[in-house]
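Data first, discussion second: the structure below is written as C-alpha cells.
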C-alpha cells in the first residue's frame, strides 16, 4: 500500500513537472525554444543530428549546440534548417 502511494506521488510529480515545463516554454530564451523545436522536428522525421547537419551543410556538433540552446543562428542557417525539416521558419521560432 505504501509503495503504491509513493509511486502515485512520483507519477503526480512527473506530470506536474511536465506541465510546468510546458507552461514555461514561453518564458524560455528564444535560443532554447528554437533548439527544442529543431530537435522535435528532427526526431519526428527520424533524422540523426549528423543527417540534418549534412542536409544543411553544417557540422553535427553545431546542430547539437543549436538543440541545446547554445547557438544564436544566422537567418541563413534558420532558413536552411526550416527547409531541411520541411517546415516554415515560424514553426521553429514559435
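Bear in mind these aren't lab numbers, they're just calculated from the coordinates by the rules spelled out. These numbers come from a predicted model, not from an experiment. Glycine gets a Cβ as well: all are built from the backbone with ideal geometry, and neighbour counts include every protein chain shown.
Observations
- Sorting 41, 62 from the fewest to the most surrounding beta carbons within 10 angstrom yields 62, 41.
- Histogram of C-alpha separations across the stretch 29-90, 5 Å bin width, %: 4, 21, 35, 31, 8, 0
- Annotation for residue 43 and residue 68: the two label points, set 7 Å from Cα along the Cα-Cβ direction, are 1.6 nm apart.
- Spin-label pair residue 28/residue 88, simplified geometry with 7 Å Cα→Cβ offset, distance in nm: 2.1
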